[in-house]
Amino acid sequence: MTTIITVTSGKGGVGKTTTSASIASGLALRGFKTAVIDFDVGLRNLDLIMGCERRVVYDFVNVIQGDANLHQALIKDKHCDNLFVLPASQTRDKDALTEEGVEKVLKELEHQGFDYIVCDSPAGIEHGAVMALTFADQAIVVTNPEVSSVRDSDRILGIIQSKSRRAIEGREPVKEHLLVTRYSPKRAAEGEMLTYTDIQELLRIPLLGVIPESEAVLQASNQGIPAIHQKGTPVADAYQDAIGRFLGEDHPLRFVEYEKPGLIKRLFGGK
């Protein structure tokens, strides 16, 4: 049975597309046949993060409107044999995503035997975001440790609980997960940002993971490689842990505690 995962946030720039790419890649690395779809019609960043922008011929809207079939539009990932990317259109209006058209594409992916479909949602509550949330079985809510980001995420949770197909039909609710990105234990300990426990208490949904603030994310993005492939970095390890937890494994949280440097380290340049 296919599981549809929507990666969403109330605010832009929180690392949603980075997360979509890494979650989809992580599932594929675990052996699951996975598709990741860019719902951000008009902007289209997922193909850049996945390193396949030069291979885009047809897009999500082309498939919905019948200009191309799904096989023509899906791009096979360079790193994982069982991962496929369906890019967004840069030239169409967001209204090109119709509920009937989106459902048709998702059903076709299900018929092709995909285990997971990861939907990279635009930020906020505009049309593309609602379309990405409509068919979700599970939602990963991405937030930064700042008040405005958390507040906007709370609003997104309200939309999931009222506008998803599961909510409208009175079925089992969408399973919600919290992912905190760009987290600095030092700044959190010094009161410069919310702690991950503060965020969890405010949003009251299960914590999937905490992704540390790191230059590795920018480096991966510039190279067109999902951050989860940056082996040996805390970011990659944190995403791998999040994948494990998503699949029901028990992984302790890492990269969330700040260890104050001792006197000797501070004297010789430690921070």
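The values are calculated or read from the model by the stated rules, or taken from the named source; none is laboratory data. Note that the structure is predicted; figures quoted are calculated from it, not measured. Cβ: placed from backbone, ideal geometry, glycine included. Neighbour counts: every protein chain shown. When the accessible area is computed, the model is the full protein with side chains, heavy atoms only, and any ligands, DNA or RNA have been set aside. Shrake-Rupley method; radii C 1.70, N 1.55, O 1.52, S 1.80 Å.
Rounded to the nearest 5, the antiparallel percentage of DSSP beta bridges internal to the chain is 5%. Name the residue farthest towards the positive end of the dipole of the stretch 173-265 from the options 174, 203, 214, assuming +1 on Cβ of Lys and Arg, -1 on Cβ of Asp and Glu, about the Cα centre. Highest projection toward the positive end goes to 214. Taking label points 7 Å from Cα along the Cα-to-Cβ direction, residue 197 and residue 219 give a separation of 3.2 nm.
Dividing the summed -39500 (n - 2.57) terms of all DSSP H runs of n ≥ 4 by the residue count of the chain sets its mean residue ellipticity at 222 nm at -11000 deg cm²/dmol. Computed packing ranks the peptides 139-148, 114-123 as 114-123, 139-148, most packed first, by mean other Cβ atoms within 10 Å. The residues of the chain have, on average, 47 Å² of accessible surface per residue, using a 1.4 Å probe with all protein chains present. Between the C-alpha center of the stretch 47-111 and that of the stretch 1-39 there is a gap of 14 Å.
Computed from phi, the 3J(HN,Hα) profile of the stretch 158-164 under the Karplus parametrisation 6.51, -1.76, 1.60 (θ = phi - 60°) reads x, 5, 4, 7, 10, 10, 5 Hz, with x in place of Gly and Pro. Relative to the dominant Cα principal axis of the chain, helix 99-111 is inclined by about 80°.
Note that the stretch 78-85 has calculated 3J(HN,Hα) couplings of 6, 9, 10, 5, 9, 10, 10, 10 Hz, one per residue in order, obtained from phi through the Karplus relation 6.51 cos²θ - 1.76 cosθ + 1.60 (θ = phi - 60°); glycine and proline are x.
The listed peptides 4-15, 60-71, ordered by packing as a protection proxy, come out as 4-15, 60-71 (highest mean of other Cβ atoms within 10 Å first).
Between amide H atoms placed 1.01 Å from N, distances below 5 Å from residue 119 occur with 5, 6, 7, 37, all of them 5 or more places distant or on a separate chain. With N as its number of residues, the chain has a Cα radius of gyration that, divided by 2.2 N^0.38 Å, comes to 1.01.
Among the protein heavy atoms of the stretch 151-271, carbon and sulfur supply 48% of the accessible surface, probe 1.4 Å, non-protein parts ignored.
Angle, helix 234-246 long axis vs. longest principal axis of the chain, Cα atoms, 0 to 90°, nearest 10? The angle comes out near 60 degrees.
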